[in-house]
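No value in this document is a laboratory result; all are computed from the given coordinates. Computed from a predicted model, the values in this text were never measured in an experiment. So basically every Cβ, Gly included, is an ideal-geometry build from the backbone, and we count neighbours across all protein chains shown.
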Amino acid sequence: MTETSTPARDGDATAKGPMRALVLHPDIKSDRDRRDPGPALEEAVALAAALPDLEVAEAQVVRLPKAQPGLLFGSGKIAELKERITELEVGLVLIDGPVTPVQQRNLEKEWGVKLLDRTGLILEIFADRAATREGVLQVELAALSYQRTRLVRAWTHLERQRGGLGFVGGPGETQIEADRRAIDEAVTRIRRQLAKVVKTRELHRKARKKVPYPVVALVGYTNAGKSTLFNHLTGAEVMAKDMLFATLDPTMRAVALPDGTEVILSDTVGFISDLPTQLVAAFRATLEEVLDADLIVHVRDISHAETEEQASDVRAILRDLGVAETAPMIEVWNKMDRVAPEAAEALRAMAARREGVFAVSALTGEGVAEMLSAVGETLSPPRHRTEVVLPHGDGRRRAWLFAQGVVEGEAAGEGETRLNVHWTDRQAQAFRRL
C-alpha cells in the first residue's frame, strides 16, 4: 500500500528550474525500530525542502513486509514507482532510510534517475549550511567516509568553490568508480587542515576559560527554535528560518542576565533522529561547546506532534556525548505561540509544576524573562571567603579582583596588601591563572 502526503512544495526557481524530487519513506514491517510513518514522512519532506533548488513533487509512505536485498522494493512496486517518476518528471528520488550501495546502483538503473538515501541527503544539507572553515572540513570528511563505501560516487566536489557535495547536481553527479586511493589522499589532506583549524579553536577555548563567564549551551532537535531564541536574547542575526538544520556551526555571544551575571550563550547544531554515525563523529567538534557548558538549555518545539520523541532523541545524543549526567539542564518548551489557547494553558500549568521547565515563545518573548532568571539562579555557584595577600607592586591582579567585585576589605601591610575576598571557585581558579 502507498499513502500520498500533502501537495508538493515548490522550491526556489533558478535559471534551469528546480530539480523535481520524489520522497519515499519505506515503512518496513520487519524493522523493530521503525518510526511512525506519518511524522517520519513529514520530516523527510522538511529535510528535502532544506535544500535549495529542489522541488518536492510528491511524498509517499511505501509499506513493505521486509527490505529486498538487491532492490529494497519488490518488482511490482518498482514498476509502479517508475511510472510515477515518469509522470511527475522526477530527476531525484530521496529515500528516507538507509540504502546499500548495491540497492542504490540497481534502483538508479531501474528508474533512470539519481537516488539519495537519508545519510546522503543530510550530508548534502550540511554541506550547504556549513559556514565556518571547520564546518566545511568536517562535512567533507564525513562525505568522503560515506562515499568510500559507495563505488559509484564522484569526489570532484572537493575542488569546487561553493557548497554542495555534488550528489544532487554538478560535476559530482556522474556515475563513476571512485578512486579509493584518491579519496584516502583527500582524507589525509583534510585531516591535516582540520588539525590546524581545531588547534586554533582549542586556543580560543583556552582563552575563554580564562574569562570567568559561565557557558550556556542551547541544544535541541533541529528546527526547535534555538536560533530564534538565541537572536531574541543576544540581538544577533543568526540564520533563523523554519527549516531543518538552519544552524550548523556554533555561534557564541555574551549575554547579561537579569541579576547582572554575564554568561556566554552558545547556539549549536540541531539534533535529529537517526543521525548518520559518521556525522555524529565528524561533528563532535562542532558540539564541543556543549561538552564545556556550565548549563544546558534544552529547547523543545512543544507544538510538534512528536515533541516527546524528539526530546528523547536529544537526551540520547547528550548521553552519547557524555554530558547528560555532568552539566545541569533546564528545559524550555518553545513555540507556545503555535499552540491552541486551551492546550497552551494546560502546558503552562504543567510546566509550572515541574522544576526546571519553562513555557516560552522565542518569537513573542513570552516566558523568556522567567527562564533567564532561572538560568541565573542555576548558575549562581556557592561562594566562599578567603584572604589574598599581594605584593604592593602587583597592581594587575589587585585591579582584576576589584573589577570582579569580590573584594570586601583591604588592609595595607609592610610590603604587601591583604584583601578579604568573597568569590566562587571559578573566580578563584581564574585568579590563579593570572
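Tabulated data for the structure shown
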quantity: Integer Hz, Karplus 6.51/-1.76/1.60 couplings in order for the stretch 417-429, x for Gly and Pro; calculated: 10, 9, 10, 8, 10, 10, 9, 8, 4, 4, 5, 5, 5
quantity: TRP423, TRP111 arranged by Cβ crowding within 10 Å, fewest neighbours leading; calculated: TRP111, TRP423
quantity: Backbone HN-Hα couplings from phi across the stretch 32-46 [Karplus 6.51/-1.76/1.60, Hz, Gly and Pro as x]; calculated: 5, 9, 5, 8, 4, x, x, x, 5, 5, 4, 5, 4, 5, 5
quantity: In Hz, Karplus ³J(HN,Hα) per residue of the stretch 113-130 (6.51, -1.76, 1.60; θ = phi - 60°; x = Gly, Pro); calculated: 9, 6, 9, 10, 8, 4, 4, x, 5, 5, 4, 5, 5, 4, 5, 6, 8, 4
quantity: Nonlocal amide H pairs with ALA362, under 5 Å, H built at 1.01 Å; calculated: LYS335, MET336
quantity: Under-5 Å amide H pairs with VAL299, H placed in peptide plane, nonlocal only; calculated: VAL219, GLY220, VAL332
quantity: Distant-in-sequence amide H partners of GLU410 (H built 1.01 Å from N, under 5 Å); calculated: ASN420
quantity: Computed Rg/Rh of the stretch 294-380, alpha carbon atoms with Kirkwood Rh; calculated: 0.97
